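To start, the structure under review is shown below, and the notes come after it.
Values quoted throughout were computed directly from the atomic coordinates according to the rules given, and no laboratory measurement underlies them. It should be emphasised that the depicted structure is a prediction, and the values quoted were computed from it without experimental measurement. FYI the Cβ positions are ideal-geometry reconstructions off the backbone, even for glycines, and counts take in every protein chain you see.
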Amino acid sequence: MALQVHESCGHPTELDRVLGTEISLAGGSFMTIDKLGKLQYGSKHVTIVADATTPGGLGTFGYDDEGVPAQRTELVRDGLFVGYLTSRETAPVVDQQSNGTMRADRWNRTPLIRMTNINLEPGDVSFDDLMADTEGGLFFDTNTSWSIDDQRLNFQFGCEAAWEIRGGRKGQIYKNPLYTGITPQFWNSCDAVCSRDHWHVWGVANCGKGQPMQVAHVAHGASPTRFRGITVGGSK
Amino acid sequence: MIGADKLTDRLGEALALSLGDQAEAVFLGSESGLTRFANSAIHQNVAETQGKVYFRVIRGKKIGVASTNSLSRGDLKRAYRMAAKIARSQKENPDFVSLPGPATYPEVQTFNEATASLTPRQRATKVRTVIREAARKKCTVAGSYASGVDEVAVINTLGVSAYQAMTTVSLSVIAMGDDSSGYAEGLSRNVADVDAKAIARQATETAVRCANPEDLPTGEYEVILDPVAVAGLLEWMNYIGFGSKAMHEGTSFLARKIGQKITGATVSIHDDGTDPVGMAMPFDFEGVPKQAVELITNGVARGVVYDSLWGTRAGVPSTGHALTPDDAGEGALALNLFMAGGESSRDDMISSVEEGLLVTRFHYINGFLDTPNAVLTGMTRDGLMRIKQGKIVGGAKNLRFTDSMLRAFETVKAMSSERTLVKSWWDAVGCIVVPTVHLGSLKFSGKTDH
């Protein structure tokens, strides 16, 4: 789930990207300003926050590189798109103050809006109960490939393995499975997020952005999550 | 710019400490400038001067590497000693035999004074040209104009002494209309070769042609791939298939297939770091002269590239494709890829298509799906065009391809005789030179709404 959050929520909510200044390399964002507060990004189970204060997160710090204190900001609340990652220069465009995400990866590079710890907030179901509640499906684990379009809509992720779920139990294992979707359709198909007991902060130490390229350390809190009606396949 | 004499003297002075059985110093330095633009305005102009020295020290079969970004005598010696200390605590590498010995290198012209002296104002003037050209067609632009000088020096205690100074200039332009976009780029050692107006016009014409894009179903399409799209595929094929590590570990699509036909008979891909058509660089980061290496010839798997360590593992000499010491774990990689052209032209290829697509470029390609079969996925971007009855009839909304490149290149129908120099991940020392390619089939597995 960490990479899913990273690619389909973290990057598209970077306000500099939304305003077009990353088009020359990584692209733009479908989460345009006219959609702020209106787009039903996900189902009611989906709350995603940018929290630079998460204990132990790779995206945790005290102040960003503009001197703005680290803070926790909602990006998606109960499925509704409500916020961006912002800087002092970009925040006024949406009538806000910076939420402290400007970071450079070394002393001689210009700070950019970077993800902090972009966390999918935990739900209230245990993993065992979630599995038991799943009549038929697949359990995907460990991303091995990732690709998403330049507006962050169409994505396709490959995984190390997937297990068939039948009658609430894990069964046959499949190698090199992949799943694909369109970001808001995917997140709106979410019907359960596992509880904090299963929630971990996963580090991403190689988030690339900008020209010249800068590599940031970010993280994503997430727990196993269920989605309905997803297109899946294998690479062969 | 520091120059060969000073670098050789300074690094040689450090190596004279004679720590370990063998030792090597590699310098990478650059003076670069970048002007970035978006929404038809410059929003970033940066310049930086940087240098880094890697020391690699050998003790028996133990290898230690340390680096510094200072050229002061004290810092160099400190880093060298650190590499020696690290070597002491390493496990022996059974494949290590020796650092390379001295060699002679072909003279390759890689420096252009006009590029080296390009100013921010000159870059800004070119960007203004781009903005004005796009505005004539009511398009906005985003992109980057970069220029710089790179220096590489490699010396070792066995007598290797190599130095090269290189200039690089590149311009990338994305032109955007209301619901479409187009892309074009230029890359050269010589600033006079990068025609900002022509690049802007090409990107703008594509954006205009792609207005009101159609929503197409997924499936197999006959496609014409423009050079930037072809280069994107080759860049990933290189990463997963043409390197020594992928070959040795058996994950390459060439592994256990050398001498076998793996794709269409017209497909020939080789690497040549000395060909001045590309971004030439006569030696690798161990100071080994670059050899021309056939990778796929007439559809038959021929080989991969090696550095000295992986070459020893495979029982073959280095082909001169070592990466920098901090990337050595990746094994050797091809940096100067060339795909042979055909006898056709882009226009003739378009004319021959009854119903199909023209792809300007791909975005976010990933090749870790099924490397033995060279399965890649990625999105089209900045100019997916429909071809009907031999003519481009408009744009299409972007599609995701997921396909085996071995299968796709089995269906090559034609290739242009003209080839284009395309940017790669490290422009200063690498590039991809490719034709426009006409495939009978490429499988598109997904779609998006723009």
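All distinct Cα pairs of segment B:277-326 go into the 1/r average, and the inverse of that average, the Kirkwood radius, is 11.7 Å.
Compute and list, largest first, the equivalent-ellipsoid semi-axes of segment B:16-76 from the alpha carbon gyration tensor, each √(5λ) rounded to a whole angstrom. Please report the intermediate quantities before stating the final value.
Details: eigenvalues 296, 31, 9 Å².
The answer is 38, 12, 7 Å, longest axis first.
Among the chymotrypsin sites (Phe, Trp or Tyr not before Pro) in segment B:351-450, those located in a DSSP loop and surrounded by at most 15 other Cβ atoms within 10 Å of their own Cβ are B:Trp425.
Using a cutoff of 8 angstrom between alpha carbon atoms and counting only pairs six or more residues apart, the relative contact order for segment A:87-151 works out to 16 percent. For the segment B:374-383, counting C-beta atoms of other chains within 10 Å of every residue's C-beta and taking the mean gives 4. Here the sum of -39500 (n - 2.57) over DSSP H runs of 4 or more residues, divided by the residues of chain B, equals -6500 deg cm²/dmol at 222 nm, to the nearest 500. The coefficient of translational diffusion for segment B:297-369, derived via Stokes-Einstein from the alpha carbon Kirkwood radius under 4 °C and 1.567 mPa s, stands at 80 µm²/s. Comparing A:Gly168, A:Gly42, A:Gly158 in a Gaussian network model of chain A where C-alpha atoms under 10 Å apart are linked, the largest mean-square fluctuation is found at A:Gly168. The mean count of C-beta atoms from other chains within 10 Å of the C-beta of residues in A:141-148, rounded to a whole number, is 5.
The calculated P(r) of segment B:253-381, using every Cα pair and 5 Å bins from 0, goes 2, 9, 13, 17, 20, 18, 11, 4, 3, 1, 0 in percent.
With a bin width of 5 angstrom, please list the P(r) values of segment B:156-294 as percents of all Cα-Cα pairs, from the 0 bin to the one holding the largest distance. Spelled out per bin, shortest first, that is 2, 7, 10, 14, 15, 15, 13, 11, 7, 3, 1, 1, 0. Residues considered: B:Ser98, B:Ser172, B:Ser416. Largest GNM mean-square fluctuation over chain B, using C-alpha springs under 10 Å, is found at B:Ser98.
The GluC sites (Glu not before Pro) of segment B:1-62 include none that meets both criteria, a DSSP state outside H, G, I, E and B (loop) and at most 16 other C-beta atoms within 10 angstrom of the site's C-beta.
I'd like to know how segment B:57-108 sits against the 2.2 N^0.38 Å rule of thumb: what's its Cα Rg over that expected value? Please list the in-between numbers first.
Working: Rg = 14.0 Å, N = 52, 2.2 N^0.38 = 9.9 Å.
Segment B:57-108 yields a ratio of 1.42.
The Cα-based radius of gyration of segment A:24-165, divided by its Kirkwood radius, gives an Rg/Rh of 1.01. Between A:Asp128 and A:Ile173, the modelled label-to-label distance comes to 2.2 nm, taking each label 7 Å out from Cα in the direction of the beta carbon.
Computed from the Cα positions only, the extents of segment A:1-76 along the three principal axes stand at 33, 31, 23 Å, in decreasing order.
Computed over the protein assembly as shown, the alpha-carbon pair-distance distribution with 10 angstrom bins reads 3, 14, 23, 27, 22, 10, 2, 0, each value a whole percent. Segment B:221-317: D in µm²/s via Stokes-Einstein (Kirkwood Rh, Cα pairs, 10 °C, 1.306 mPa s)? So the translational diffusion coefficient is about 110 µm²/s. If you take all C-alpha pairs in chain B, what percent of them are over 38 Å apart? Value for chain B (Cα pairs over 38 Å): 28 percent.
Kindly put B:Val437, B:Val429, B:Val208 in sequence by how many other C-beta atoms sit within 10 Å of each C-beta, fewest to most. Intermediate results must be reported in sequence, preceding the final value.
On the way: B:Val437 28, B:Val429 23, B:Val208 17.
Lowest count first: B:Val208, B:Val429, B:Val437.
Its Cα gyration tensor gives segment B:95-231 an equivalent ellipsoid, and the semi-axes of that ellipsoid, as √(5λ) in whole Å with the largest first, are 40, 23, 10.
For segment A:180-236, the C-alpha radius of gyration divided by 2.2 N^0.38 Å, with N the number of residues, is 1.49.
Percent relative contact order of segment B:384-450, based on C-alpha pairs within less than 8 angstrom and at least six residues apart? Walk me through the numbers before you get to the answer.
Values: 96 pairs, mean separation 25.5, N = 67.
Relative contact order, segment B:384-450: 38 percent.
Helix B:227-237 axis versus longest C-alpha principal axis of chain B: approximately 50°, rounded to the nearest ten.
Using only the C-alpha atoms, the convex hull of segment A:60-113 corresponds to 85 Å³ per residue. According to the Kirkwood relation over distinct C-alpha pairs, the hydrodynamic radius of segment B:336-424 is 14.5 Å. Farthest toward the positive end of the dipole of chain B, out of B:Thr436, B:Leu357, B:Gly329, is the Cα of B:Gly329, where the dipole comes from beta carbon charges about the Cα centre.
For the residue pairs A:Lys170/B:Lys447; A:Lys38/B:Lys138; B:Lys52/B:Lys85; B:Lys137/B:Lys197, alpha carbon separations beyond 23 Å are given by A:Lys170/B:Lys447; A:Lys38/B:Lys138.
Please compute the contact order of chain B in relative form: average sequence separation of alpha-carbon pairs under 8 Å and at least six residues apart, divided by the residue count, as a percent. Please report the intermediate quantities before stating the final value.
Values: 1259 pairs, mean separation 69.4, N = 450.
It comes to 15 percent, rounded to a whole number.
Arrange the following residues from fewest to most other Cβ atoms within 10 Å of their Cβ: B:Lys261, B:Lys391, B:Lys290.
Numbers: B:Lys261 15, B:Lys391 11, B:Lys290 26.
So the ranking, lowest neighbour count to highest, is B:Lys391, B:Lys261, B:Lys290.
Run a plain Debye calculation on segment B:141-181 (Cα atoms as equal point scatterers, no solvent) and give log10 I(q)/I(0) at q = 0.19 Å⁻¹, rounded to two decimals, same order as the q list. Calculated log10 I(q)/I(0) at the listed q: -0.69. Using only alpha-carbon positions in segment A:104-236, the gyration tensor eigenvalues give semi-axes of 31, 18, 13 Å once each is multiplied by 5 and square-rooted (largest first).
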